[in-house]
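Heads up, the thing below is written out as C-alpha cells.
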Amino acid sequence: MGTTSERKILQYLDEAHATEAALVRVLQTQIAVTPRGDFRKLLEGHLKETRDHAERIEQRRAQLGHHDDPFALAVGLAETMVGQAIAFGKAPFDLLRGSGGEEKVLKNAKDTCASEALEIATYRAIERLARTLGDRETAELAASIRADEERMLEGVLAEIPALAEAVARADVGGEGSYDVATTGAAEAVRDTAKAARKTARRTTAGTTRRARKPAAAAAGAVAQPGDLPIAGYDDQTAEQIIARLPELSQADLVKVASYERRHDDRATVLGRVEALQASEPWPGYDELTVDEIRAELSGSDDERARTVRAYERAHKDRAGVMSATEREVANA
C-alpha cells in the first residue's frame, strides 16, 4: 500500500480514535446520572467496548507507521483536540439537561443513538476505504467495531419506549421513578466514603505511602523528568513508552500526559494514555497489592469482579488478580 493510501487510511483512523476517546468521557458522565437498570447496564457494557475500540485502533495506527508520519501526527492531534472538546463541552450539559431525572436519561439515550449512528457511518466508510485500497486488516477491524456499534444502537433503541413512558408518568402523571440514590454518581460517593473510612483505619507504613501517592496526580501539571514513573523517559522512543503505559496507575498516567504535552507532544503517546485513562474499580485501587485486591474481592458480587477484571486486563494484567476475579465470577 503506497504512502498516499496509508495517509488516507490513517486520517480516518485518527477520526475514529478521537471519537472513541471522547465517547469514553461522555459515557462516564451518562452512567453517573443513570439509575441502576437495563439502560445503565447497556451503557456500562458499551463503555468497556469503547475503551477496547480505542485501544485496537491505536494499535492499528501504530502498525501503519503513525508515529513516523508528521502529517498523520498533525491530523491525529487535531482530531484528538476536537474529540476532547466535544467530550468536555457535552459532559456538563448531560448532567443538567431535562426537567427531571427521567427526562435527563431519555435525552441522553437519544444522544447515544445519534453518536452510534455517526460511529456506524465512520466505520462503514473506513471498511470500504480500506478494502478499496487493499488493506484487509484495517477493513476487518472496522467491520468488527461497526458490529459492536450496531448492537449498541439496537439496544438503546429498544430501551427508548420504556424511558419515554417513565417521562410521561413523572412529568404528566406525577409518578416519578428517578431515584438519585441509585445512580452511578451516588454510588461513587458511597464508594469514596467507604474507601476513606477504610484508609483512616489503616496505620501501617505502607498505607501512609499509598495515602500520599494520589496527590501525585495534582503534581502532574509540573512533572519533571525525575518525577516520571518511566526511567529515562526522554531517551525512549514512543513505542517503548507506549509499551510501559499499561503498567502505570491513573495518577502516573496523568504525570506522563502532562509532561508529554509540554515536551514532545506525540499524538501516539497521548492517544494511548487517553485510551488507558479510566475510573479505577474503586478509589485507591491502583495502589493496592495483589493480596489486598484479593481481600477486597472476596465475597464481592459478579459485577464488581467483572469490573476489576476488565480494568486489570487493560492495565497491569496481574495473574493473581485475574484468577481472583475469575473465581468470584464463577462463584457469583
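We did not get these values from a lab; they are worked out from the coordinates using the rules stated. The model shown is predicted, which means the values in this text are computed figures rather than measured ones. Cβ: placed from backbone, ideal geometry, glycine included. Neighbour counts: every protein chain shown.
Numerical summary
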read-out	value
Between segment 269-332 and segment 39-64, the Cα center-to-center distance that results, in Å	17
Rounded FRET efficiency, nearest 0.05, which uses the C-beta distance separating Val172 from Lys316 and R0 of 45 Å	0.35
FRET efficiency for Ala147 and Arg327, using Cβ-Cβ distance with R0 set to 35 Å, rounded to 0.05	0.65
